[in-house]
1. Would you be able to tell me the number of residues in the stretch 74-116 that are closer than 27 Å to Asn168 by Cβ and either of a type in the set (S, T, N, Q) or in contact with a His (Cβ under 7 Å, 6 or more places away or on another chain) (or both)?
2. Among the residues of the stretch 52-103, count how many are surrounded by fewer than 15 Cβ atoms within 10 Å (Cβ to Cβ) and of a type in the set (S, T, N, Q).
3. Suppose we keep only residues that are among the aromatic types (Phe, Trp, Tyr) and either within 15 Å of the chain's Cα centre (by Cα) or in a helix (DSSP H, G or I) (or both) within the stretch 126-175. Which one would you say is surrounded by the fewest Cβ atoms within 10 Å (Cβ to Cβ)?
4. So which pairs qualify, if the first residue must be in the stretch 4-29 and over 20 Å from Ala81 (Cα atoms) and in contact (Cβ under 8 Å) with a residue 12 or more places away in the chain, the second must be assigned to a helix (DSSP H, G or I) and of a type in the set (Val, Ile, Thr), the Cβ gap must be under 7 Å, and the two must be at least 6 apart or on different chains?
5. Return the residue satisfying two criteria in turn: it lies in the stretch 216-239 and is in contact with a strand residue (DSSP E or B) (Cβ under 9 Å, 6 or more places away or on another chain) and among the hydroxyl-bearing types (Ser, Thr, Tyr), and of such residues it is surrounded by the most Cβ atoms within 10 Å (Cβ to Cβ).
6. Which is at pLDDT below 80, over 25 Å from Arg23 (Cα atoms) and part of a strand (DSSP E or B), of Val195, Val203?
7. Inspect the stretch 98-112 for any residue being over 27 Å from Ser222 (Cα atoms), part of a loop (DSSP other than H, G, I, E, B) and of a type in the set (Asp, Glu) and give the result as yes or no.
Amino acid sequence: MEPAIIDRDKLLFTSYQHDFILRKVAVLKSIIDNQASVIDIFQGTDGLEFKDEDALISGLKTEIHFSMYHALESMFAMAFALIKQPDDVWVWLTTYKFPEFGRMINDVAKSDISAVSEKDELETIRIIFFKNCPNEFVEQEETKEMMHKLSQILTLCADELNNKDAYNSYKHGLRLVTGALRFNLVNEKEAINNVIGEGPGLVYLDRKSANPVPELYSFERSYKIIKLCWQMTSLMIKQRKVEYIEEDKCVIEATNFNDIDIDDIFSQDFLNHVLDELS
């Protein structure tokens, strides 16, 4: 008996739970936002005892922050697969080599998404997000504006993913220390030792110098970027899903990307005070 032929991409686009990272971090953020219950939630889990609530909260914030990199990787992997192997997306997602992926991310960060395709910017965005939409829709000025915005967002996301030394340390175990990070401004002659910045932070070793590198982060900012990755991946999935289910061939995500404030999402305001003092 001949084995059944499975349509791999149909299975992928109709079954893939692309919101699993967002679901995870939404639960973690909910726990952080209701700190009074944290110890009660974790106390006695598998016989373990947790007494340091600050350490628990810090760990959850760190997990949200590093989930951002996972969300960025997943979003770009889907986008690249739709460009490189649109007729067998799941195979590309399964077999691509990470050095190649890293070079593609670097190319997008330096330019735009067209750097990894043989098409221009808008045609590349159409391949990723609007494959099954008619020309009348794609040619609308509002749609073109949205496509330029999506390209801009992808470049910002690629730049974010390019700076992942701390994430690499996190992935490989005991190479990173997390917790509250405090920056002090010290003047020994005048006996000044002022705290100029404090917040969730981490320390890792620079691979070349082996010197400790401190890094502040904002888990709220990371959460916003995760949500943005989910919104973009949702649009990619839905535009391909219509090929396998009875729906209109052009499904437009409820999110209007023209209304997204990218300056707010990618803001580094949480660092500004520290940087101003140090300068």
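1. Restricting attention to the stretch 74-116, the residues satisfying the condition of being closer than 27 Å to Asn168 by Cβ are 74-85, 89-113, 115-116.
Narrowing the set further to residues that are either of a type in the set (S, T, N, Q) or in contact with a His (Cβ under 7 Å, 6 or more places away or on another chain) (or both) leaves 74, 85, 94-95, 106, 111.
Of the residues in that region, 6 qualify.
2. Total satisfying the criteria: 2.
3. The initial filter retains those residues of the stretch 126-175 that are among the aromatic types (Phe, Trp, Tyr), namely 129-130, 137, 167, 170.
This time we only want the ones that are either within 15 Å of the chain's Cα centre (by Cα) or in a helix (DSSP H, G or I) (or both), so: 129, 137, 167, 170.
Numbers: Phe129: 22, Phe137: 12, Tyr167: 19, Tyr170: 19.
My answer is Phe137.
4. Leu22/Ile226; Val25/Ile64; Val25/Ile226; Leu28/Ile64; Lys29/Ile64
5. The qualifying residue surrounded by the most Cβ atoms within 10 Å (Cβ to Cβ) is Tyr217.
6. Val195
7. no
The rows are residues; the columns are (1) more than 27 Å from Cys229 (Cβ to Cβ); (2) modelled with pLDDT of 90 or more; (3) small (Gly, Ala, Ser).
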| site | (1), (2), (3) |
| --- | --- |
| Met1 | yes, no, no |
| Phe13 | no, yes, no |
| Phe20 | no, yes, no |
| Val25 | no, yes, no |
| Gln35 | no, no, no |
| Asp40 | yes, no, no |
| Glu49 | yes, no, no |
| His65 | no, yes, no |
| Ala71 | no, yes, yes |
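The values are calculated or read from the model by the stated rules, or taken from the named source; none is laboratory data. Source: prediction; values computed, not measured. Please note: Cβ atoms are built from the backbone with ideal geometry, for glycine as well, and neighbour counts cover all protein chains shown.
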